[in-house]
Each structure stands twice: as C-alpha cells, then as structure tokens.
Amino acid sequence: MLDQGAAPAEPPSTPGGTGPRPGPGAPVPLRARLARRKPVDLLVAEGGQGAGGSLRRTLGLWQLTMISVGATLGTGIFVVLGEAVPEAGPAVVVSFVIAGLTALFSALSYAELAGTIPVAGSSYSYAYATLGEVVAWVCGWCLILEYGVSVAAVAVGWGDYLNELLDGTLGVTIPEVVAGPPGEGGVFNLPALLVVLLAMAFLLGGARESARANTIMVAVKVAALLLFCAVAFSGVRAGNYTPFMPLGMAGVSAAGATLFFSYIGFDAASTAGEEARDAQRDLPRAIMLSLVLVTALYCLVAAAAVGALPWREFDGSEAALAGIMRDVTGQDLWATVLAFGAVVAIASVVLTVLYGQTRILFAMSRDGLMPRVLSEVHPRTGTPRANTVLVSVFCGGLAAAVPLGRLADATSIGTLFAFALVNIAVIVLRRTSPGLPRTFRVPLAPVFPAVGFLLCLWMMTSLDTVTWVVFGVWMAAGLVLYFAYGIRRSRLATGATAVAADTDTAEK
C-alpha cells in the first residue's frame, strides 16, 4: 500500500553499516570487510553520480512501466503456449494467474525497495544496503549472468522471426550460415549482432530517447497480440474449453511453474532508479502496473488461443499463435503480421535488458567493485557511453559467434537468486531501519516477503542439474574476481565513501 505518512529519514550510519569506524591504519577483519554495508542515505545521496558526470532524470511513470513491460513481454508468449497448454489444457489461463501471483510476491518486495532506495543498482544495491558487500557482489554477478546471457539468447532468436517475416513479405530468407545459431547450422549469426548494435545505438542517444523507442515497440507488440485475440476469438468453439481441467490441478500447477519464467523482467524499471523524475513515487507504481498489464494480456491471449484450437493440438507446437491465425483466417497474411510483432517484441526485450545491464554495471563500478570506466557518463547525452559500447559489443559477439546451448537456461537461476535476495532485503531493512521513508510497503510483511523467498527457492529446485552446475561455476568465477579485485578496490574499503558520508552529514 502507498505510505503517505512516512517517518523522517534516520541519521546517516557509518559507511560499513556495522558500527564505529576503525582507527587509521587499524586492520579490518575479513569477516567485517565481507559484511560491510552501504548506508541507504549514502546510496541515495550518490544517486546518478558517476565518474565524470551524472545520469539525467528524464523518465516518467509511463516510460518506466514500458521498460518493465518491454523486458517482460517478449518471445515467451509467442512460443510458451506450445509447452504449457499440453500440461494444463484450457485451464492454462489459471496457470498464468498462478504464475502471476507467484511473481507478485517478489514484485511487492521490489516495489518497496525501489521506492525506498531509488538507485540504478536494483537488487545489487538493495543487497549492499542490507546483506553486506560480498552478498551484494554475488547478487550483481548473478544479474550480469541474467542480463548478459539473456540479451545474447534473445538476440539469437531474432534472426528466426526476421527470416519468417522476410519470407512472408518479400519471399527471401537470410542464408542459414549467417543467420543460424552457432553450432546449429550457422557459423556467425549476423542478425543477432545487428539487433544488439541497433539497441546500442538507441541507448547511446540517451535514456529519454531509448525509452521513447521502447514505448513505440511495446505498443506495436501489444497491438499484434490484441490483433491475434480479435482474430482467434472469431474462431472460438465452446467445446474447446471442455473439459476445462483435463489433467487436474497437478497439471495446472506444473504449467504455472513453466509459465513463471514468462514474467521475468518486471524488475527492469528498478534499474532506472536514477533516471526517473520522481523515483520514489513512480518506481513502485511502474513495477506493479507492468505486472498487472502483462498478466492481463497473457490471460487474454491464452483464453483466445485455447478457444480457437483444441488443447491437444498444441503439443510440440513452437508457433502456436501463428498457426491459429492461419487456420482461422485461411490466409498467411496474419501469420506474417504476427511475425512482425515478434520481431519488434524481441528487439524491445534486447533494448530494455541491455539498458538494465549497463545500469547494474554502472552502480557496481561507482562502488569500486568494477573498473571505473563503466561509470563514466558522457556529458552531452548523460549516458554511460563506454559501459554501453563494451556491454553491447560483448553481448553481440556472444550471440553471434558462441554456441549458447544450455547456458541460456542459467539466466533463470540467476534471476530467481536475485529475487530471493530482494525478499530477504525487505525483511532485514524493516528490522534495521524501520524509520526510513517508504512510499510503498509490502502488505503483511514479513509474511509476504518470506513467501516470495520460499517460492523462489521452490522454482530454483525445479531447474535441472546442468543449470545448477553452470550457476556454480559462474559463482566460483565471480568470487575469485571479487577477492582478487573488488574487495581491495571497494570504495567502502578505500574510505572514498566515508568522506562523502561525512560531507553529506555536515551539509545536513
């Protein structure tokens, strides 16, 4: 609920957040170094400030909402029904609601923390303020895996939809050798590289320009899905809805677990905390509104699809929506229109997820845990230019030339791990800083955050062994990098933030 009568901010704490500062030259125990926390007042005071400049607050509620919708509403809805409907039957609509409710618990926690700590680091910064530096690093490292690999994985699929669109409109296709995923008939996926570079060009123009382009793309893909619903509902047969739950509640629950991953991305708005005009008011609203919009659209599309096509015919279909459009109308035109919507949908996901990646690295760099160049802000556009170019070239090269295979599945476990930490962070911050101004409060805390945490753990256990192995290797590599670089260069370790905290306190 919105909290209009928030208590005044608490006085600044020490930079480590763990008690008095040690004297000059005094050795700091390793345990204290790992557990040092960054005070919320310092996080907020540093908001927008990077090396050589600051981010610009240009985004309103609607643009922030579209960032989350853009990151969430992607390829999932265009292909996921082929996997979920055979598990749940027509009750797949209920499965979408269950998946949405599962995501809701974590979304509530994100909404509270985004309004309380409106900074670019998202869950990384929330963990830094509540759980300590090493946990924050692990969270940020998970987000690098989530955002970076998902950009590459989504970009790889862009060429397939682009070929379908070109074939339906011009009768031509891009040769597989330069359009297929590496290791699957392709050598170099040129379309994947191009869509990442296109997103980079928008991001370099500034946050406002990127948000405007994303809003247009979101409007196009929503229009395409609404068009599908209009066509599909014209071919609905009432008998297709019976029996409504042919495989029982167990099937509905299994489909809900599958569909949960279609909701990943609702947290994207939280990475724009330092570019929102009124972050404390708008970020919680954007996160919740995006989840409501996406859930409503998913349920509408699912209801139309299972009404127009018997549920047993979905098994093994990766292009169920296009097939329904073709069957109902008897024409290929509408399937081509849907392919256009999918092309735009994927481009929007690449843009918004790449944006989130750059802002996470911006925050980590500002804290000294990543190289300084990643937080350098261009004076004219107000964007972290070097950061954007480096991340885009890396993700584009990964998508174009490296066989991703099962690595793409690791994005799910990285996301769930970050979600779990955010739920814990809400509980910790309520106990350690109850007087902080909160423009949004999770109802029934700590029960709801605890439920969100347990649901994330449950989802993680449903992932296969290979995904856990990849995750373990990634975490081990991240910890090696932290102990070799981050722990020594942390601004909390060097005292740079201590000076900032003292100055900020004196000014108050």
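Considering (1) at pLDDT below 90; (2) assigned to a helix (DSSP H, G or I), say which one Val220 fails and leave the rest.
(1)
Within segment 241-254, identify whether any single residue is within 29 Å of the chain's Cα centre (by Cα), outside any helix (DSSP H, G or I) and not β-branched (Val, Ile, Thr), and answer yes or no.
No: segment 241-254 contains no residue that is within 29 Å of the chain's Cα centre (by Cα), outside any helix (DSSP H, G or I) and not β-branched (Val, Ile, Thr).
Can you confirm whether segment 258-265 contains a residue that is of a type outside the set (A, V, I, L, M) and assigned to a helix (DSSP H, G or I)?
The first filter runs over segment 258-265 and keeps only residues of a type outside the set (A, V, I, L, M), leaving 258, 260-263, 265.
From the residues that got through so far, the ones that are assigned to a helix (DSSP H, G or I) too are 258, 260.
Yes, the conditions are met somewhere in segment 258-265.
Go through the residues of segment 146-169 one by one and say whether even a single one is at positive phi and touching a Ser or Thr at 6+ places or on another chain (Cβ under 7 Å). Lay out the reasoning, then the answer.
Here is the first cut: in segment 146-169, the residues at positive phi are none.
No: segment 146-169 contains no residue that is at positive phi and touching a Ser or Thr at 6+ places or on another chain (Cβ under 7 Å).
Within segment 381-389, can one find any residue that is hydrophobic (A, V, I, L, M, F, W, C), part of a helix (DSSP H, G or I) and modelled with pLDDT of 95 or more? Explain how you work it out, then say what you get.
Initial filter on segment 381-389 (hydrophobic (A, V, I, L, M, F, W, C)): 386, 389.
When the remaining residues are screened for being part of a helix (DSSP H, G or I), the result is 386, 389.
Filter once more, so that each one left must be modelled with pLDDT of 95 or more: 389.
Yes, segment 381-389 contains a residue that is hydrophobic (A, V, I, L, M, F, W, C), part of a helix (DSSP H, G or I) and modelled with pLDDT of 95 or more.
Within segment 160-177, count every residue that is over 16 Å from Val349 (Cβ atoms), at pLDDT 85 or above and either surrounded by 15 or more Cβ atoms within 10 Å (Cβ to Cβ) or polar (S, T, N, Q) (or both).
Residues in segment 160-177 being over 16 Å from Val349 (Cβ atoms), at pLDDT 85 or above and either surrounded by 15 or more Cβ atoms within 10 Å (Cβ to Cβ) or polar (S, T, N, Q) (or both): 3 in total.
Which condition breaks for Leu351 when tested against (1) of a type outside the set (Asp, Glu); (2) under 23 Å from Pro182 (Cα atoms); (3) surrounded by fewer than 24 Cβ atoms within 10 Å (Cβ to Cβ)?
Result: Leu351 passes all but (3).
Only residues that are surrounded by fewer than 23 Cβ atoms within 10 Å (Cβ to Cβ) and more than 17 Å from the chain's Cα centre (by Cα): list them for segment 133-159, please.
Listed by number, the residues that qualify are Val134, Val135.
Any residue that is touching a residue at least 60 places away in the same chain (Cβ under 8 Å), within 23 Å of Met364 (Cα to Cα) and part of a loop (DSSP other than H, G, I, E, B) - is there at least one of those in segment 142-162?
Initial filter on segment 142-162 (touching a residue at least 60 places away in the same chain (Cβ under 8 Å)): 142-158, 161-162.
Still in the running and within 23 Å of Met364 (Cα to Cα): 142-152.
Imposing the further condition that a residue be part of a loop (DSSP other than H, G, I, E, B) reduces the set to none.
Within segment 142-162, none of the residues are touching a residue at least 60 places away in the same chain (Cβ under 8 Å), within 23 Å of Met364 (Cα to Cα) and part of a loop (DSSP other than H, G, I, E, B).
The values are calculated or read from the model by the stated rules, or taken from the named source; none is laboratory data. The structure presented is a predicted model; accordingly, all values stated were derived computationally and were not measured. Please note: Cβ atoms are built from the backbone with ideal geometry, for glycine as well, and neighbour counts cover all protein chains shown.
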